[in-house]
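Each reported figure results from applying straightforward, stated rules to the coordinates on display, with no laboratory input. Bear in mind that the values here come from a model prediction, so they are computed numbers and not experimental data. Glycine gets a Cβ as well: all are built from the backbone with ideal geometry, and neighbour counts include every protein chain shown.
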Amino acid sequence: MSTQTLKVQGRTPGSPGKRDGKVGGGLLDPKQLILSLPDAFRKLNPVTLWRNPVMFIVEIGALLTTVLAVVEPSFFAWAIVLWLWLTVLFANLAEAVAEGRGKAQAATLRAAKRDTVARRVKNWKPGITVSEWDVVGAPELCQGDFVIVEAGEIVPGDGDVVEGIASVDESAITGESAPVIRESGGDRSAVTGGTRVLSDRVIVQITQKPGESFIDRMIALVEGANRQKTPNEIALNILLAALTLIFLVATATMQPMAIYAKTENPGVPDSLALTAEGVTGIVLVSLLVCLIPTTIGALLSAIGIAGMDRLVQRNVLAMSGRAVEAAGDVSTLLLDKTGTITLGNRQASEFVPAPGVPAEDLAAAAQLSSLADETPEGRSIVVYAKQAYGLRERQPGELAHAEWVPFTAQTRMSGVAVDDRQVRKGAATAVMKWVRDNGGHPTDEVGAIVDAISGSGGTPLVVGEISGDTARVLGVIHLKDVVKQGMRERFDEMRRMGIRTVMITGDNPLTARAIADEAGVDDFLAEATPEDKLALIRKEQEGGRLVAMTGDGTNDAPALAQADVGVAMNTGTSAAKEAGNMVDLDSNPTKLIEIVEIGKQLLITRGALTTFSIANDIAKYFAIIPAMFAAVYPGLETLNVMRLASPQSAILSAVIFNAIVIVALIPLALRGVRYRPSSASKLLSRNLYLYGLGGIIVPFIGIKLIDLFVQLLPGMS
Amino acid sequence: MSPTMTGILFIGSLVAALILTHRPLGDHMYRVYTATRHLAVERAIYRLIGVRPDTEQRWGVYARSVLAFSAVSILFLYGMQRLQDKLFLSLGMPPVTDHVAWNTAVSFVTNTNWQSYSGESTMGHLVQMSGLAVQNFVSAAVGMAVAIALVRGFARRTTDELGNFWVDLVRGSVRILLPIAFVGAVVLVAGGLIQNFSAPHDVATLTGGTQAITGGPVASQEIIKELGTNGGGFYNVNSAHPFENATGWTNWVEIFAILLIPFALPRTFGRMVGDKRQGYAITAVMAALALISVAVLTGLELAHGGTVPQAAGAAMEGKDVRFGVANSATFAAATTLTSTGAVDSFHDSYTALGGMITMFNMMLGEVAPGGVGSGLYGMLVLAVITVFVAGLMVGRTPEYLGKKIGAREIKLASMYFLVTPVLVLTGTAFAMGSSEQRASMLNSGPHGFSEVLYAFTSASNNNGSAFGGLTVNTPWYDTALGLCMALGRFLPIVFVLALAGSLARQSPVPASAGTLPTHRPQFVGMVVGVTLILVGLTFLPALALGPLAEGIN
């Protein structure tokens, strides 16, 4: 089981999402193209194809030309027929390839969803020792049932641990092979069906309805089974349909004009393009197919599927495409301080000695008192003492007679007694009281140091000692939250993208401000309660802003539900996962930033290919209009700027280019347009040059190149 | 002075004058449409027509008011023409035939002013003044009202209300069009235009024959004809008639009047949405398209390679020596770029490619700067389409002025954009496909086709100018072109108002660095590009078979 992973690309889970500042995507394996061919053929069925109006028109055109070619066969006609069918097929292929990647992932997931049996406990109540149960199949479990799961067993369904603690292998879902701890109560109680308990025994209350487990939903999502068009996709489809309609009218109404032109020039012989009955059906359909936005029409759904897929590759599951799109629009990011902006723990950053105490003495005492302190704060003191004062780390066992005093909630300090020397470190009030109780007199300066550290957002730990009969304060350790590396740059980027970042923390405003300043976020919410969070989201939304946030606890659920993009951590509670519209399997809150980038990339890809598609039409006109009418109006040959060999080869080359460009752009559609965080203006300029100007120029070159080959075919002159 | 130099001075002085006036006039119109108080005369009108001026309308009610007002206007105008022999000041003219009356009624109510009749020999003074001239005012005021309603859609938040059509209509007529027209008429009379009620009198012509010359209230008609981008001439030859356009400088005044309001409305728009730069951007798009068009058209007319034009120094056929080539070309560009359709020279006689430019100007959808009101709303719809395509490329759901362009908005914008090309192309195709209608063509070859294409382009875009060379006062043409005018006017208006309604309901998204800026040259260039490419792609096949085939050798 643990070797089967969902991940397609081997990214380290939990690593910050920065890779050269751009969003990448999966590569296209040529094998996938071939594997998707059968699906591409299946999608020719007009019953499904009509949902894509552009390609539906192409299919009708292909059908029409096929009939015409049967009635009046020529090499030219059949060549056009072939390429028109290929155009539809290529479009289907794009969609099939995009879906195929999801199917592979779904297969992996299905393997995890094996038939499990559950040991169901009737009438479980807290505190009862379970002694009997009945064995049922996992699909029979209902919401609210209690089951026992022991080491080596598969969790039969999604639920919350209500008793016990266990380590669980969740690799089937997350791809992460290190086991995680799940325990009753708190925010680490959720277990997912299909995962394996490795140790201990827990009682789980099932929270899913039969057939609606997390894995079921994941399978449906990656397969795109109930994929619905997103709002922006619908809007774009409308525009594409309108453009198709315009070109349909433009080509259809051309016929009487062409007939008139032909009758006005009776001396001109009929050609394959123009006869006394007007432009031939084959050519008319070719022109239409070249003009309607086939490129974007063919790739539109693949772009959407691939966008979801890119999220899955980053181990994020979006419950709807709408959420992915909303991510691109987000203008306010709510980020939890701990774990997102700062490393989870405070670290020693300075030793401030009391007046008259050498700094080295303080450092030595601080280190000594922390040697047995295994908390991250304690470790950081030892590390800092070594870095800043060159004090070698000693193992607790090295000191004979050392008697370690552990931290308790009552004393609020910890330390060590070595022979007749006692050292303590801990909360300022506790240590000072301890000194005073032992006859010492902490000076006012110590109080000032403590206040200064608190004021700067740090946490002061006072170090005191009793040596012989004298009790005194040695100084203060400055513990501070350490902002993750690169966060400031990340937030600067966000600002350039027009996104406001708000740090959420339970700290007091003073501490919060200090960290907010250091990290470079735009705003902060201190002493935040779940109600505060919800209120902040509502306030931002009333101003027309879209809000994204991450959360894991049950008390985050209302805010997650209210946010436009709510990313629940997979380690979080079922309630949080239900409330959010995305789940991050890596439980990495920094990923929110990547999600925003993926959302933007999705929209940019759509816009870029639409622009490219429309810009392409200019060159196609320059190929086809002279081909149709230069015979009756020789002046129009001037428009044949590409100097295409003959009318037939010009039309065929344009049709071939139109089809090939779809295949050529499949990788781009799946990967997404390159995106670097920058201002809207810069982004637009770059994409306009690339896809607007490029879209005008590329087909001139492409059609000319194709013509160089096509003119060698029979019947092309 | 060389003709090129004259042209540059002429155009340059127009640009300078428009720069001077757009600001005060735009600000005036802003105050007119946002004021809360009513003038005494306005109150009287509201009482008369039974309107409560302080209640606002939803888009549907606004649209129904526009349609009802226009329907009544068409019926009234139709009846007046059919009964003109029974009314005063008919100058003894018989009733207008039914198809001409229908065509004319629709034509004037839709601000098109396509004339399938000859003014001085068909309509009496009463019809001209209280029928046609009144429509010259109110049809222009309707256009402005609709534009202002759309602007309110952008400017307002979370509301269903778009203003009151009757108030907008009355204020536009009373506070904007009437005062300017009054001053303008006086200026034109000073320039030599006539303003009287005389019956026709016979004049001996140079060739020894006699000609009946009709007098009439020409100056007052002339100014509103240009100011309201109407274009329906008192005389058949329109602004080429010396009584309608006496000298080189009245020609300048008339072009100025054509462009005055369309170029000032973007300022009003900028004021209303609370960001003048947005208005400047729209002005810049209009000005860029207009200047390109004027330059190309003048260049083609001055530098024509044909034998006769070479000998004459320029393509002089169909142009009056009073005005010369450059000034005529400027008038032609101005009249086709706006939905005016008045002419001081004959577009049919322009070089093939020059004639194509006049057609292309109209095919742009009358947006640069377009008709009064219709130009602004047409341009805003194009801006919406541009924002949608280009806006995606910045990675956000497209938004314009803080309003999201979603499925409903793009559907309405697309339908707006679809209407005129479909009308132009299907109309032309029908005419070309029927041998009976082809019989109306007086010319053969690509030029004959161009004349038909021009007629449908002009009618569907509510321009009203004609290539001529086509017998259009037949029942079929009168009916078909009348339908094109009506559908080409009112379908877009309904779509625009629906769009306004859907925009007004939204609450705006605040702008940030991630928002596509819509006031920079980048955006201006994009709208120009999208407009040219979309229109070009739509009409290129038709143009290739007409003016391009004729003009490229």
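Side notes on the structure shown:
- Cut-off under 5 Å, modelled amide H: who pairs with residue A:347 long-range: A:480, A:481, A:482
- The range A:207-293: GluC sites (Glu not before Pro) falling in loop per DSSP and having at most 16 other Cβ within 10 Å: A:212, A:277
- Within chain A: Cβ-based charge dipole about Cα centre, in debye rounded to nearest 20 (Lys, Arg +1; Asp, Glu -1): 1740 debye
- Summed residue charge, Cβ within 12 Å of residue A:198's Cβ, Lys/Arg positive, Asp/Glu negative: -2
- Average other protein chain Cβ within 10 Å of Cβ, residues A:243-250: 5
- Listed residues A:232, A:195, A:214: farthest to the positive end of the dipole of the range A:124-239 (Cβ charges): A:232
- Extending 7 Å from Cα along the Cβ direction at residue B:35 and again at residue A:110 yields two label points whose distance is 7.4 nm.
- Calculated FRET value between residue A:708 and residue B:303, using beta carbons and R₀ = 30 Å, to 0.05: 0.25
- Of the trypsin sites (Lys or Arg not before Pro) in the range A:97-166, the ones in a loop by DSSP (not H, G, I, E or B) with at most 10 other beta carbons within 10 Å are A:122.
- Computed [θ] at 222 nm, helices only, for chain A once each DSSP H run of length n ≥ 4 contributes -39500 (n - 2.57): -15500 deg cm²/dmol
- Ranked for footprinting exposure by Cβ neighbours inside 10 Å, fewest first, B:36, B:97, B:336, A:505 give B:36, B:97, A:505, B:336.
- Residue-averaged 222 nm ellipticity for chain B, from DSSP H runs of 4+ at -39500 (n - 2.57), nearest 500: -20500 deg cm²/dmol
- Look at the stretch A:676-689: the mean tally of other chain Cβ atoms within 10 Å of its residues' Cβ atoms is 5.
- Under the criterion of Cα pairs below 8 Å and six or more residues apart, the relative contact order for the range B:423-532 equals 22 percent.
- Once backbone amide H atoms are built at 1.01 Å from N, residue A:194 has A:155, A:157 as its partners under 5 Å, excluding neighbours fewer than 5 places away on the same chain.
- Loop-resident sites, the range A:509-615, for GluC sites (Glu not before Pro), counting at most 12 other Cβ within 10 Å (DSSP): A:527
- For residue B:431, net neighbour charge (Lys/Arg +1, Asp/Glu -1) across residues whose Cβ lies under 14 Å away: -2
- Tilt relative to chain A, helix A:591-629 - C-alpha long axis, 0 to 90 degrees, to 10: 10 degrees
- Residue A:270-residue B:436 pseudo-label distance in nm [points 7 Å out on the Cα-to-Cβ vector]: 2.9 nm
- Positive end of the dipole of chain B (Cβ unit charges, origin at the Cα centre): among B:290, B:521, B:459, the Cα lying farthest that way belongs to B:521.
- The slack between residue A:438 and residue A:345, meaning 0.36 nm per residue of separation minus the straight C-alpha distance, is 30.3 nm.
- Ranked by the mean number of other Cβ atoms within 10 Å per residue, highest first, peptides B:233-239, A:433-439 order as B:233-239, A:433-439.
- Shape call, the range B:427-553: gyration tensor on alpha carbons, a/c limit 1.5: oblate
- Förster radius 56 Å - calculated FRET efficiency between residue A:701 and residue B:473 (Cβ-Cβ, nearest 0.05): 0.60
- Cross-link pairs A:484/A:533; A:229/A:539; A:600/B:404; A:337/A:533; A:31/A:229; A:425/A:484 - those with Cα-Cα distance over 18 Å: A:484/A:533; A:229/A:539; A:31/A:229; A:425/A:484
- C-alpha long axis of helix A:294-313 to longest principal axis of chain A, angle in °: 20 degrees
- Assigned charges on the beta-carbon of Lys, Arg, Asp, Glu; the protein assembly as shown dipole about Cα centre (debye): 820 debye
- Relative exposure of B:220, B:374, A:679, B:444, judged by other C-beta atoms within 10 Å (fewest first): B:444, A:679, B:220, B:374
- 3J(HN,Hα) from dihedral phi, the range B:36-51, Karplus parametrisation 6.51/-1.76/1.60, rounded to Hz, x for glycine, proline: 9, 9, 10, 6, 4, 5, 5, 4, 4, 5, 4, 4, 4, 8, x, 10
- Dipole magnitude (debye, nearest 20) for the range B:1-87, charges at Cβ of Lys, Arg, Asp, Glu: 280 debye
- The shape of the range B:315-356 comes out oblate: with a ≥ b ≥ c from the C-alpha gyration tensor, a/c is at least 1.5 while a/b does not beat b/c.
- Number of partner chain Cβ atoms within 10 Å, mean per residue of B:428-440: 3
- In plain terms, the residue of B:484, A:290, A:142 with the fewest other Cβ atoms within 10 Å comes first and the most crowded comes last, giving A:142, A:290, B:484.
- Peptides B:532-538, A:466-472 ranked from most to least packed, by the mean per-residue count of other Cβ atoms within 10 Å: B:532-538, A:466-472.
- Considering only B:53, B:507, B:368, and ranking their Cα positions along the charge dipole of chain B that arises from unit charges at the beta-carbon of Lys, Arg, Asp and Glu, the one farthest toward the positive end is B:507.
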